[in-house]
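None of the figures in this text is laboratory data; all of them are computed from the coordinates on show. The structure presented is a predicted model; accordingly, all values stated were derived computationally and were not measured. Don't worry about glycine lacking a Cβ; one is built from the backbone with ideal geometry, like all the others, and counts go over all protein chains shown.
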Amino acid sequence: MKNIKRSWAEPYKMKMVELLKMTTPEHRKKALKEAGYNTFLLKSDDVYIDLLTDSGTSAMSDRQWAGMMMGDEAYAGSRNFYHLEEVVKEVYGYKYLVPTHQGRGAENILSKILIKKGDIIPGNMYFTTTRLHQELAGGKFEDIIIDEAHDPENEFPFKGNVDLHKLEKLIKKYGAGKIPYVSIATSVNMAGGQPISMQNLKELRTLTKKNKIRIIHDMTRVAENAYFIQQKEKGYEKKTIKEIVKEINSYTDGATMSAKKDALVNIGGFLAINEWEIFEEARNMVVVYEGLHTYGGLAGRDMEAMAIGIAESVSADHIKARVGQVIYLGNKMIDYNIPIVKPIGGHGIFVDAKKFLPHIPQEQFPAQTLAAELYLDAGVRTMERGIVSAGRKANGENYFPKLELVRFTIPRRVYTQAHMDVIAESAAYVYDRRKKIKGMKMVYEPKYLRFFQARFQPLK
Ligand SMILES: *Cc1c(COP(=O)(O)O)cnc(C)c1O
């Protein structure tokens with residue numbers, strides 16, 4: 001009996017289910033056309049399995065729902081704010097908290113406070129909203145992630161790492177005075193949910209300390225990053241997720257958080273910072289953009305659900321099942337020979353559209369096209385992370401990112417293993433007929449974050 005494998009399983013059971021609508025191919029064809037072939041513009045009712053994002057799509061626990069009933073909706077000084085403040089300090093270790101309606105609210109305030117016109121903000125790969133707020137504040141983003149991150153085939157376990165030489169070059173070129181902070185994401189979203197190692201973070205801390213540069217942490221998926229450190233980095237096998245999360249944060253000076261990811265809530269975020277002066281300014285500025293500093297655009301009940309969700313997010317059983325499900329789907333796709341980004345990341349599977357559809361040039365949006373085809377096949381909604389998401393430079397030219405990906409993002413605690421099977425089988429079916437697929441042209445392009453609202457037409 002020694003060779004019997006031990007499977008992971010969910011550390012919860014179901015108390016309520018949400019019924020899904022099944023659709024026909026004809027229905028999906030019509031719905032996709034109406035949506036301008038952009039999966040962001042589909043109605044949720046027309047989708048069977050929704051992998052558009054893991055943002056705000058998690059299932060809350062019975063405890064979080066109970067917390068919702070404990071909402072203190074006082075305009076000022078809600079007790080849920082103080083609970084959240086206590087949990088952020090306890091679990092994440094940052095000193096001061098400013099709640100915001102979601103991650104970008106925190107990015108806006110932080111960018112406005114720290115960035116002056118002409119500043120440089122180095123980061124381990126860009127993220128859409130993060131970079132936009134840096135640019136709107138007058139800064140320029142510079143990518144300092146290691147080259148391996150741009151290669152979907154490279155199996156280096158910590159593709160979220162910073163190339164310290166790239167950072168040193170920037171410091172030499174511009175001077176440390178022009179760099180208000182280094183922007184570091186854990187579980188780098190645009191690289192495929194790839195983690196940064198503790199070793200790299202420590203070295204980055206040493207280098208930035210020497211040059212008196214802050215590190216601001218995009219901690220949206222810090223627990224998932226901590227899991228990979230525990231599984232893959234020497235010396236961390238016996239540490240708990242909670243200990244690793246706290247150690248990561250201890251090498252940084254502050255953080256922006258989209259609690260809609262790791263923290264298992266449908267809405268919410270915050271800015272956390274260790275410097276009193278920045279906190280004071282942020283606490284003042286939040287009144288302009290979000291709401292009073294003890295609610296920041298959130299209801300009391302939202303803050304309560306967030307406080308409980310943060311504590312659940314660093315539990316060992318939770319994170320093992322969460323990442324375990326993603327790895328299960330990734331391995332199924334590998335079995336079908338579908339080209340995916342490796343190693344498998346923490347929050348989703350990223351299919352390499354350049355490899356999947358090599359006959360479609362990047363100007364004809366291979367990833368956008370593939371996302372549309374996947375929806376047509378079985379009603380699975382994915383999203384583009386390639387040239388459309390990358391947008392245009394300040395001078396109007398398109399960015400041409402090396403990675404042209406379709407993201408299958410897995411909501412937390414929502415879908416079953418049978419759903420994962422259906423998703424992989426549908427992707428395999430589309431892969432089988434890939435040679436018949438043609439590219440698309442963009443027929444409407446909005447000015448900001450175009451991937452959300454752009455419209456397309458299939459090429460003849
Ligand atoms: C989602 C996300 C954000 C922005 O947060 P919102 O809550 O969507 O505003 C920032 N950084 C990363 C890495 C994200 O995934």
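Can you give the extra length, in nm with one decimal, that the chain gains between R434 and D45 once fully stretched, where that is 0.36 nm per residue apart less the Cα-Cα distance?
Result for the pair: 137.3 nm of gain on full extension.
Stretched out straight at 0.36 nm per residue, the stretch from V443 to N395 would grow longer than its current Cα-Cα span by 15.2 nm. For the pair the range 343-376 / the range 245-307, the C-alpha centres are spaced 34 Å from each other.
Looking at the chain alone, DSSP beta bridges between its own residues are antiparallel in about 65 percent of cases.
Computed from backbone phi, the HN-Hα couplings of the range 219-225 come to 9, 3, 10, 5, 5, 5, 4 Hz, rounded to whole numbers (Karplus: 6.51 cos²θ - 1.76 cosθ + 1.60, θ = phi - 60°; Gly and Pro given as x). Our estimate of slack between L20 and K89, defined as 0.36 nm per intervening residue step minus the Cα-Cα distance, is 21.0 nm. Taking a virtual spin label 7 Å from the Cα of S315 along the C-beta vector, which residues in the range 220-236 bring their backbone nitrogen under 17 Å of it? Residues 223-224, 227 qualify, since their backbone N sits under 17 Å from the label point.
Convex hull volume of the Cα atoms in the range 62-313, per residue, in Å³?
Hull volume normalised by residue count: 113 Å³.
Backbone amide hydrogens, once placed in the peptide plane, bring A255 within less than 5 Å of H217, A272, I273, excluding anything fewer than 5 places away on its chain.
Taken along the Cα-to-beta-carbon direction at a fixed 7 Å, the label points for E425 and E280 span 6.3 nm. Estimated purely from DSSP H runs of n ≥ 4, each contributing -39500 (n - 2.57), the mean residue ellipticity at 222 nm for the chain is -11500 deg cm²/dmol once divided by its residues. Over what distance in Å are the Cα centres of the range 160-211 and the range 36-80 separated? The distance from the Cα centre of the range 160-211 to that of the range 36-80 comes to 32 Å.
How do 25-33, 153-161 rank on mean C-beta neighbours within 10 Å, highest first? Each step should come with its number before you reach the end.
Numbers: 25-33: 14.4, 153-161: 19.0.
Ranked by mean Cβ neighbours within 10 Å, highest first: 153-161, 25-33.
For K460, a cut-off of 22 angstrom between C-alpha atoms picks up these lysines, skipping any fewer than 8 places away in its own chain: K29, K30, K33, K354, K355, K435, K436, K438, K441. Our summary gives the range 134-280 a relative contact order of 18 percent, counting only alpha carbon pairs under 8 angstrom and 6 or more residues apart. Over all projection directions, the Cα-based convex hull of the chain averages an area of 22.4 nm². The Kirkwood hydrodynamic radius of the range 173-222, based on inverse pair distances between different Cα atoms, is 11.7 Å. Taking amide H atoms as placed 1.01 Å from N in the peptide plane, the amide H of I145 lies under 5 Å from those of M125, D163, each 5 or more residues away in sequence or on another chain. Remark: spin-label model distance E237-D377 equals 3.9 nm, labels positioned 7 Å along the Cα→Cβ axis.
PRE reach from K402 (point 7 Å along Cα→Cβ): which of the range 186-215 fall under 20 Å by backbone N? Under 20 Å, as judged by backbone N against the label point of K402, lie 186-197, 200-201 of the range 186-215. Between amide H atoms placed 1.01 Å from N, distances below 5 Å from T294 occur with G77, all of them 5 or more places distant or on a separate chain.
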